[in-house]
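Novice: A single structure is presented below for examination.
The values are calculated or read from the model by the stated rules, or taken from the named source; none is laboratory data. A quick note: this is a predicted structure, and the numbers were derived from the prediction, not measured. Neighbour counts are summed over all protein chains in view; Cβ atoms, including those assigned to glycine, are modelled from backbone coordinates with ideal geometry.
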């Protein structure tokens, strides 16, 4: 094969083909956030113990050659649906504390669930340093099988609790992309993503899930309960977020 060929084995269908530049985290994560023609507006938050935590220079998105064109188009269907019905959707207005909890109705279970699973799987198979915190081991095989056959599984199979973030003063939460991390809580292994003003908290194990957690997963009937929160009050991200705010403010003074 020519030296500059992009041929390889597609990670999803396992067929040899020309591999595309696959966005590890959906391209929708960067919508209206990256603008190469102007000053960078996306803030990439890296989970590092010391030194610089925010990186406002990342403008090229995170991509790797993972999928063939056919599989890319398959994932694009899910991403388009998620963009229209979640990431870019007009969520109910917050007028009182009772509005912090709300339910979206009429969602397509398969389309949205497969969108979520595709992010989880791609982040685990990615080789880039930004995704070093996600390693699903044997779960990668199960997720690949589900995605390859377009099987969204049961609601509690790699269920995801989605949390919309409340606005922050002088800081646009939709422009924050945090480094994916593995989590451990209530006896469950999980993975946490944050982009476009939402936290996506996946539960990798499904035994003895708390009723409140199980109730928050997308249902086959297309209902999704969500609870708004401030990033600083959201326990899995609070420390990282507080350090990020300090870094951003510190850099703004330079």
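Novice: Does any residue of region 199-210 turn out to be free of Cβ contacts under 8 Å to residues at least 24 places away in the same chain, out of contact with any helix residue (DSSP H, G or I) (no Cβ under 8 Å at 6 or more places or on another chain), more than 19 Å from residue 134 (Cα to Cα) and loosely packed, with under 15 Cβ neighbours inside 10 Å?
Specialist: We begin by selecting, within region 199-210, every residue free of Cβ contacts under 8 Å to residues at least 24 places away in the same chain; these are 205, 207-208.
Those still in the list that are out of contact with any helix residue (DSSP H, G or I) (no Cβ under 8 Å at 6 or more places or on another chain) too: 205, 207-208.
Now narrow it down to the ones that are more than 19 Å from residue 134 (Cα to Cα): 207-208.
Filter once more, keeping what is loosely packed, with under 15 Cβ neighbours inside 10 Å: 207-208.
Checked region 199-210: at least one residue is free of Cβ contacts under 8 Å to residues at least 24 places away in the same chain, out of contact with any helix residue (DSSP H, G or I) (no Cβ under 8 Å at 6 or more places or on another chain), more than 19 Å from residue 134 (Cα to Cα) and loosely packed, with under 15 Cβ neighbours inside 10 Å.
Novice: Can you tell me which residue is nearest to the chain's Cα centre (by Cα) among those in region 132-166 that are surrounded by 20 or more Cβ atoms within 10 Å (Cβ to Cβ) and under 14 Å from residue 182 (Cα atoms)?
Specialist: Here the residue is 160.
Novice: Restricted to region 232-242, and to residues that are within 16 Å of residue 172 (Cα to Cα) and surrounded by fewer than 18 Cβ atoms within 10 Å (Cβ to Cβ), which residue is modelled with the highest pLDDT?
Specialist: Across region 232-242, the extreme among qualifying residues is 232.
Novice: Still on this structure: Checking the conditions here, which among 208, 212, 199 is modelled with pLDDT of 90 or more and either in a loop (DSSP other than H, G, I, E, B) or over 18 Å from the mean Cα position of the chain (by Cα) (or both)?
Specialist: On the way: 208 fails: modelled with pLDDT of 90 or more; 199 fails: either in a loop (DSSP other than H, G, I, E, B) or over 18 Å from the mean Cα position of the chain (by Cα) (or both).
It is 212.
Novice: If the Cβ limit is 7 Å and pairs must be 6+ apart or interchain, which residue in region 219-231 that is at positive phi and surrounded by fewer than 17 Cβ atoms within 10 Å (Cβ to Cβ) pairs with which residue that is modelled with pLDDT of 95 or more and assigned to a loop (DSSP other than H, G, I, E, B)?
Specialist: Taking only residues 6 or more apart or on different chains, the pairs are 222/105; 222/106; 222/107; 222/108.
Novice: Would you point out the residue of region 60-100, among those that are farther than 20 Å from residue 166 by Cα and modelled with pLDDT under 90, that is surrounded by the most Cβ atoms within 10 Å (Cβ to Cβ)?
Specialist: The selected residue is 62.
Novice: Has region 75-98 got any residue that is closer than 23 Å to residue 189 by Cα and either part of a helix (DSSP H, G or I) or within 19 Å of the chain's Cα centre (by Cα) (or both)?
Specialist: Going residue by residue through region 75-98, those that are closer than 23 Å to residue 189 by Cα are none.
Within region 75-98, none of the residues are closer than 23 Å to residue 189 by Cα and either part of a helix (DSSP H, G or I) or within 19 Å of the chain's Cα centre (by Cα) (or both).
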